[in-house]
1. Quick check on GLU430: is it surrounded by fewer than 17 Cβ atoms within 10 Å (Cβ to Cβ), in contact with an Asp or Glu (Cβ under 9 Å, 6 or more places away or on another chain) and without any contact (Cβ under 8 Å) to a residue 60 or more places away in the chain?
2. With respect to LYS608, is the statement that it is farther than 18 Å from ASP290 by Cβ, charged (D, E, K, R) and surrounded by 14 or more Cβ atoms within 10 Å (Cβ to Cβ) true?
3. Name the residue that is farthest from ASN464 (Cα to Cα), counting only residues in the stretch 179-202 that are without any contact (Cβ under 8 Å) to a residue 40 or more places away in the chain and within 10 Å of the chain's Cα centre (by Cα).
4. Where the second residue is loosely packed, with under 14 Cβ neighbours inside 10 Å and the first is within 30 Å of ASN186 (Cα to Cα) and lies in the stretch 486-509, which pairs have Cβ atoms under 8 Å and are six or more apart or on separate chains?
5. Return yes when ALA248 is surrounded by fewer than 20 Cβ atoms within 10 Å (Cβ to Cβ), closer than 19 Å to MET143 by Cβ and of a type in the set (A, V, I, L, M, F, W, C) and no when it is not.
6. So which residues in the stretch 423-445 are over 30 Å from MET239 (Cα atoms) and of a type in the set (Val, Ile, Thr)?
7. Scan the stretch 185-194 and tell me whether some residue there is surrounded by fewer than 16 Cβ atoms within 10 Å (Cβ to Cβ), assigned by TED's automatic domain parsing to the domain that holds ILE220 and touching a Ser or Thr at 6+ places or on another chain (Cβ under 9 Å).
8. What are the pairs, 6+ residues apart or on separate chains, where a residue within the stretch 618-639 that is closer than 15 Å to ASN660 by Cβ and free of Cβ contacts under 8 Å to residues at least 24 places away in the same chain has its Cβ under 7 Å from a residue that is polar (S, T, N, Q) and surrounded by 14 or more Cβ atoms within 10 Å (Cβ to Cβ)?
Amino acid sequence: MKKLSILFLLVAFIASCTGTEQTAKKTSGDSTDSQELSAHEKLEFPELDEFEKPEVETFTTENGIKFFLVEDTELPLINVNARIRTGGVQIPNKKAGLASVTGSVIRSGGTENIAADSLNTLLENKAASIETSIGLSSARASMGVLKKDFDTLLPVFIDVLTNPAFPKDKIELAKTQQKSGISRRNDNTQQIAVREFMRLIYGKDSVYGRNTEYATINNIKREVLVNFHENNFVADNMMLGVVGDFNASEMKNKLRKAFAEIPAGDENELDFPEVDYKYKSSINFINKSDVNQSFVLLGHIGGVRDNPDYPQIQVMNRVLSGGFSGRLMQKVRTEMGLAYAVFGQYGMNSFYPGAFYAGVQTKSATTAEAIDAIIKEIERLQNEPITRQELQDTKDQILNSSVFEYDSYEEVLRKQMSYNYRGLPKDAFEQYIEGVKNTTIEDVQKVAQEYLKPDKLEILVVGNKEEIGDQLQKYGDVNKIDISIPEPGSEQKVVEGDTQKGQQLLNAMADAVIKGDTELNTLSLKGEVTMRGQKLPAEVTIDYPDAITRIIQAPMGKIKVVYKDGSGTMKIGERERPLPAQTAKALKQSLNSSFLAIAQNVNKMDPKFLGTEEIDGTTYNKVNVSVDGKNIKLLLNPSTSYPDIVRYKQFNPQLGKQVNVELKHSNWKVKDGVAYPYLEVTMQSGKKMSETTYENHEVNK
């Protein structure tokens, strides 16, 4: 067996301690130190346990499944890991997200033989786990089980892999979870930067850079999941690894019998599209007005794993951005004090090129200074040879960390499966380490000159445009990236109707809710909102035309939402955070489309009279107005001209679609020249969502 010893780690540690003590001795001149040092040197240490890298036994069944086996008798456990040759790369853009949903529901939905709840209970009672997922380039499944339960649960694991039930409720739940993630994708600056940088490198319509959208999730139907699973989860696409407390000969027989009924199917030849990348320099900006720092990424296309220069490129990468000892950290953070975090990576994937990037998070005012510092370090790597000490330190980092590459038998198994799946040799890691050892100073400069393009960097900045100012213009014409989330069904139909009568009715409404020459600047409301049976005190202050403050006394403490001109904050208790973009957008829409805002802009609404509608004995006049491209229907009381009912469509991010909203107004009261309903009931798709009662309203106070 091949043995990997970690003894040298202890030796290195002792050596460093010895060096420290020798320095102390020379400084102090204390003879006692010399005696103590000799005593330490005489200490005897027991040998550390050595990690024996096991041989991985492989065999292939008649139907095409390739198995990898490793015996590990230390604990009475058995772990199974499956890898299936499929992935999101097979999915067309219009159904982006299908692979992820399928991978989730294979497990969460149970099987044709075991309902989801029964499966969960069974696994919980056995202290076992079964998990499934599908990524871009492969599907995975795993089972962890006690040795005594292996024979019982192996058929269950196979059942999950081959006979998922795909119940509609679990599919809808998985789709809702995807939509929830879409709604939050612009909350985090770093996530925005990484996502959009990859779209710059690979293209927004590329399988490597595309976004999952509400519309693509809505395109996913049950039959599509079923077909995707049936076509891909076949024996010829499967490899399985088993590690744990078993006899390999006996395990082979069990596995051959257990998996024999899986159809061979057709082996996938995964088609990873070529990346048509052309090196170019560009400066790109995404405005995020609720931050005071810039998150910067700059770089270009990277490489592939089977490049013969892979070891030398990784050494180069470590010199540039290898943690605290890397040049970027030393220069940008330690010397210049421009950032807490500065980082980088030269990505080299197996199936398609990775991306090279360097990044920093810095104060808005020092955005350009940080960018220039990073570019200068990339250029220096090309123009000046690194020092012998840098080379040795970098090699030591890589070689010392390599001991953790195989820290368990299961990790050995996983690595061998991964290498096989990716078409790499069994000793790929050993070849890499040997390449690192042989890397020279000249090699590092050579690969830096060949693979880095500091004059053709794509720069992306996510930050506050007001604080950054014109710093980015020195890099060229700034490309402003729109990261707004498309809302399916948001296109409104053109409404036809009687414009003259519509204007007359709308004028009457405006006169009814804002009396005479009243000038409405601020409206303050105090009341109580009832949601899900809970009554919560609430206060609202609207500063027309573009600001609103809402305060709700909730069980967990006071919730305060402040919005003004496109952005705002949400404070729960003592914790304050920026308002999510989706919430800010909804508040803006509610401000602009409120009946009082419509009344203030009565001559800009292009109203259409649509006829009448009788509800509970009252015949209402229906008037349609368009606000920010959204149709709003006002049902005006024929006696008072008050908008007793307001209807519109609103996007629901959890459902990923437009829903019908209806506001029912009653108990109108006039104060300070403004009429307001003291009871407002909000309905969504016919279901009551909330009820708000007001006890007072004040104008311009």
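The values are calculated or read from the model by the stated rules, or taken from the named source; none is laboratory data. Source: prediction; values computed, not measured. Every residue, glycine as well, gets a Cβ built from its backbone with ideal geometry; the counts of neighbours run over all protein chains shown.
1. Numbers: surrounded by fewer than 17 Cβ atoms within 10 Å (Cβ to Cβ): yes; in contact with an Asp or Glu (Cβ under 9 Å, 6 or more places away or on another chain): no; without any contact (Cβ under 8 Å) to a residue 60 or more places away in the chain: yes.
In short, no.
2. Details: farther than 18 Å from ASP290 by Cβ: yes; charged (D, E, K, R): yes; surrounded by 14 or more Cβ atoms within 10 Å (Cβ to Cβ): yes.
It is true that LYS608 is farther than 18 Å from ASP290 by Cβ, charged (D, E, K, R) and surrounded by 14 or more Cβ atoms within 10 Å (Cβ to Cβ).
3. From the stretch 179-202, those without any contact (Cβ under 8 Å) to a residue 40 or more places away in the chain are 181, 188, 191, 195, 199; that's our starting set.
Right, trim to within 10 Å of the chain's Cα centre (by Cα) and you get 181, 188, 191, 195.
Numbers: GLY181: 24, ASN188: 14, GLN191: 16, ARG195: 18 Å.
Among them, the one singled out is GLY181.
4. Matching pairs, first to second residue: SER490/GLY629; GLN492/GLY629.
5. Working: surrounded by fewer than 20 Cβ atoms within 10 Å (Cβ to Cβ): yes; closer than 19 Å to MET143 by Cβ: yes; of a type in the set (A, V, I, L, M, F, W, C): yes.
Yes.
6. Start the filter on the stretch 423-445 by keeping residues that are over 30 Å from MET239 (Cα atoms), which leaves 436-445.
Once the filter is applied, which keeps residues that are over 30 Å from MET239 (Cα atoms) and of a type in the set (Val, Ile, Thr), the stretch 423-445 yields VAL436, THR439, THR440, ILE441, VAL444.
7. no
8. Final answer for the pair search is LYS633/ASN624.
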